[in-house]
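Structure, as structure tokens:
The values are calculated or read from the model by the stated rules, or taken from the named source; none is laboratory data. The model shown is predicted, which means the values in this text are computed figures rather than measured ones. Neighbour counts run over all protein chains shown; Cβ positions are idealised from the backbone, glycine included. Just the protein is used for accessible areas: all its heavy atoms, side chains included, with ligands, DNA and RNA removed. Shrake-Rupley method; radii C 1.70, N 1.55, O 1.52, S 1.80 Å.
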Amino acid sequence: QVQLVESGGGLAQPGGSLRLSCAASVRAFSIYRMGWYRQAPGKQRELVALITSSGTANYVDSVKGRFTIARDNAENTVYLQMDSLKPDDTAVYYCYAMVMGVAYWGQGTQVTVSS
């Protein structure tokens, strides 16, 4: 069983920044992909960003140039640096990891962007 523990959500003003962290309970070398999804009220969960074990990153178009995903294999952790936040970024953000062909999810952390 893989556990993903998220931290770093909260309230930010438009144009502000937040940094999300997700620590995995397994060695990073066994995690093919890690990343973040989000779900806003009344909407489906959507991909935000993913990063492979080799460091290849992909982003949804709406966050390109504003969000940066990174992983620290030594710490089994993935980060999401969110800059230039917009009210539309308000959602519950979920950490995701693909381990040995099985998808795992964190419990979610709330991000609210409001003045």
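Numbers at a glance
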item: Enumeration of residues in segment 78-89 that are in a loop (DSSP other than H, G, I, E, B) and either crowded, with 20+ Cβ neighbours inside 10 Å or of a type in the set (S, T, N, Q) (or both); result: Ser84, Leu85
item: Criterion (part of a strand (DSSP E or B) and at pLDDT below 95) met by exactly one of Arg38, Arg19, Arg33; result: Arg33
item: Residue satisfying all of: in segment 90-107; more than 19 Å from Ile51 (Cβ to Cβ) and not in a strand (DSSP E or B); least open to solvent (accessible area, probe 1.4 Å) among these; result: Thr90
item: Candidate set from segment 42-77 (those that are polar (S, T, N, Q) and within 11 Å of the chain's Cα centre (by Cα)); member that is most open to solvent (accessible area, probe 1.4 Å); result: Thr68
item: Cβ pairs under 8 Å, 6+ apart, first in segment 58-76 and of a type outside the set (Asp, Glu), second in a helix (DSSP H, G or I); result: Ser62/Asp88; Val63/Asp89; Arg71/Ala28; Asn73/Ala28; Asn73/Phe29; Ala74/Ala28; Asn76/Ala28
